[in-house]
Amino acid sequence: VFGLGNKTYEHYNEVAKYVDKRMEELGATRVFELGLGDDDANIEEDFITWKDRFWPAVCEFFGIESTGEDVSVRQYKLTEHEEVNHDRVYTGEVARLHSLKNQRPPFDAKNPFLAKIKVNRELHKSGDRSCMHIEFDIEGSKMRYETGDHVAVYPQNNKALVNRLGELLGVNLDTVFTLTNTDEESSKKHPFPCPCSYRTALTYYIDIACNPRTHIIKELIDYTKDPKDQEHLKLMSSTSTEGKQLFSKWVTQDNRNIVHILEDLPTCRPALDHLCELLPRLQPRYYSISSSPKVYPNTVHVTAVLVEYETPTGRTNKGVATTWLAAKKPKDDTEPPVVPIFIRRSQF
Ligand SMILES: Cc1cc2nc3c(=O)[nH]c(=O)nc-3n(C[C@H](O)[C@H](O)[C@H](O)COP(=O)(O)OP(=O)(O)OC[C@H]3O[C@@H](n4cnc5c(N)ncnc54)[C@H](O)[C@@H]3O)c2cc1C
């Protein structure tokens with residue numbers, strides 16, 4: 001049993017501890033000790049460290065000989081479409097095809113409402129920080145909100161970052177493709193709505209601005225030509241103390257995203273479809289609603305701080321959602337900008 005928890009919660013990994021204990025009480029034979037992952041620190045590192053000892057224990061228990069090789073297996077099969085019926089191609093929908101064009105309630109996480117931005121103004125009078133007051137129009141959506149609820153926004157990745165990734169990998173981003181699960185019985189046929197273009201996948205579906213996790217760093221090794229760069233990636237994806245320290249410095253503290261990694265390792269050129277499989281899904285961002293439903297039943301107001309900072313490698317990292325929202329300013333003579341949103345009830 002390996003539990004996924006967070007030490008900041010009172011009942012840290014309670015279910016994993018309970019399942020482990022009960023199985024033992026009911027007579028199960030222990031093959032390996034309970035593992036606990038702490039998302040407040042580095043949950044992936046916890047898992048990898050545990051897994052490195054788990055498999056040898058399993059092999060010994062069942063009398064299996066390990067080949068010692070780490071074989072990476074692709075979960076999804078790539079199809080690039082030459083003939084495309086554009087009406088069947090996803091263009092950023094969360095789930096249902098054309099759901100952003102043909103809006104139908106009820107609106108929720110799978111079916112966000114395209115809200116017009118009525119107001120987007122700066123709250124700071126001076127200084128270099130930016131804090132936006134944004135008003136979303138929810139009239140006609142049948143969405144209601146209560147004090148304390150959150151509004152979730154589906155952002156888009158920065159166009160320049162998307163183009164840079166395509167340029168670094170020499171890929172035509174308008175190619176339409178599908179990733180299909182090789183496990184036919186899996187309930188998850190595709191990692192995100194397919195078919196879509198690489199541009200759509202990189203803009204709407206994949207988090208290209210995050211610091212890649214160690215398992216992604218590991219997958220990059222086979223795509224790297226320079227032996228020195230290969231060693232660098234190998235060390236960072238290893239579970240040695242030196243490797244963990246290097247990963248923490250080079251990826252986390254230096255705040256490198258996948259584009260920065262490819263820029264700094266010029267012989268590392270992974271297949272874009274493999275990156276699309278490996279990188280996490282781009283997540284909606286939540287904002288505390290700062291308006292009262294009694295006063296503003298048809299608008300949702302939020303206060304959002306613009307994220308922008310310099311990294312130790314001299315780059316400027318821009319927050320995905322806040323940078324995207326900052327550019328969405330309504331103008332008198334044009335249609336207001338729209339943003340896919342849904343409301344999440346407060347848990348408190
Ligand atoms: C329930 C809930 C309510 C929230 N309410 C609000 C709200 O009312 N207003 C609001 O502004 N936000 C709120 N947030 C946060 C919001 O959801 C986003 O996380 C935030 O706007 C940043 O999103 P982004 O996409 O712009 O930045 P991202 O692209 O997600 O980047 C943010 C990440 O950048 C890194 N980072 C940021 N600054 C630095 C720095 N100086 N140095 C190094 N790394 C840095 C951090 O890793 C951070 O996690 C809320 C979050 C939750 C979960």
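With respect to the chain, whose longest principal axis is taken over its alpha-carbon atoms, helix 14-25 is tilted by about 30°. When the alpha carbon gyration tensor of the range 16-99 is reduced to an equivalent ellipsoid, the three semi-axes, largest first, read 41, 21, 14 Å. Against the main long axis of the alpha-carbon atoms of the chain, helix 43-62 sits at an angle near 30°. Placing a pseudo-label 7 Å from each Cα along the Cα-to-Cβ vector at Asn6 and Arg269 gives an inter-label distance of 4.1 nm. The C-alpha radius of gyration of the range 156-295, expressed as a fraction of 2.2 N^0.38 Å, stands at 1.21.
Applying 1/(1 + (r/R0)^6) with r as the Cβ-Cβ distance of Phe61 and Ser186 and R0 = 30 angstrom yields a FRET efficiency of 0.60.
The ellipsoid that matches the Cα gyration tensor of the range 2-62 has semi-axes, each √(5λ) in whole angstrom, of 22, 17, 4, with the longest given first. Taking 0.36 nm per residue of separation and subtracting the current Cα-Cα distance, fully stretching the chain between Asp222 and Arg129 would add 29.3 nm. Once the Kirkwood radius over Cα pairs is known for the chain, the Stokes-Einstein relation at 25 °C and 0.890 mPa s delivers a diffusion coefficient of 106 µm²/s.
Taking all protein chains as they are arranged and a probe of 1.4 Å, the heavy atoms of His190 leave approximately 70 Å² accessible to solvent. Projecting the Cα positions of Trp55, Ala41, Met23 onto the charge dipole of the range 2-62 (unit charges on Cβ atoms of Lys, Arg, Asp and Glu, taken about the Cα centre) puts Met23 furthest along the positive direction.
Against the chain, whose longest principal axis comes from its Cα atoms, helix 159-169 is set at around 30 degrees. A simple count of charges around Gly314, restricted to other residues whose Cβ falls under 15 Å of its Cβ and scoring Lys, Arg +1 and Asp, Glu -1, yields -2. Starting from the Cα of Lys218, draw a straight line to each of the lysines and keep only those under 22 Å, dropping any in the same chain fewer than 8 residues away. Reachable lysines: Lys51, Lys77, Lys228, Lys234, Lys244, Lys249. Rounded to a whole number of µm²/s, how large is the Stokes-Einstein D of the range 55-117 at 4 °C and 1.567 mPa s, given Rh as the Kirkwood radius over C-alpha pairs? D, rounded to a whole number, is 77 µm²/s.
Derived value for the range 287-345: Kirkwood hydrodynamic radius 14.1 Å. Basis is the mean of 1/r over every pair of different alpha-carbon atoms. Taking the accessible area of the range 214-323, probe 1.4 Å, and keeping the other protein chains in place, the carbon and sulfur fraction comes to 52%.
In loop segments of the range 1-69 as defined by DSSP, the trypsin sites (Lys or Arg not before Pro) with at most 13 further C-beta atoms inside 10 Å of their C-beta are Lys7, Arg30.
Within the range 285-314, none of the chymotrypsin sites (Phe, Trp or Tyr not before Pro) combine a DSSP coil assignment with at most 12 other C-beta atoms in a 10 angstrom radius. The charge dipole of the chain, taken about its Cα centre with unit charges on the Cβ atoms of Lys, Arg (+1), Asp and Glu (-1) only, comes to about 1400 debye. What's the longest bit of the chain with no exposed GluC sites (Glu not before Pro), using DSSP loop states and at most 10 other Cβ atoms within 10 Å as the test? Within the chain, the longest run free of exposed GluC sites (Glu not before Pro) spans 186-348. The accessible surface of the range 2-62, taken with every protein chain in place and a 1.4 Å probe, is 56 percent carbon and sulfur. Taking all Cα pairs closer than 8 Å and separated by 6 or more residues, the relative contact order of the range 2-62 comes to 37 percent.
Residue ranking by accessible heavy-atom surface, 1.4 Å probe, largest first, among Phe61, Phe107 comes out as Phe61, Phe107.
The values are calculated or read from the model by the stated rules, or taken from the named source; none is laboratory data. If you're wondering where the values come from, they're calculated on a predicted model, not measured in any experiment. For neighbour counting, all protein chains shown are included, and Cβ atoms are generated from backbone atoms with ideal geometry for every residue, glycine included. These accessible areas exclude ligands, DNA and RNA; they are computed on the full protein's heavy atoms, side chains included. Shrake-Rupley method; radii C 1.70, N 1.55, O 1.52, S 1.80 Å.
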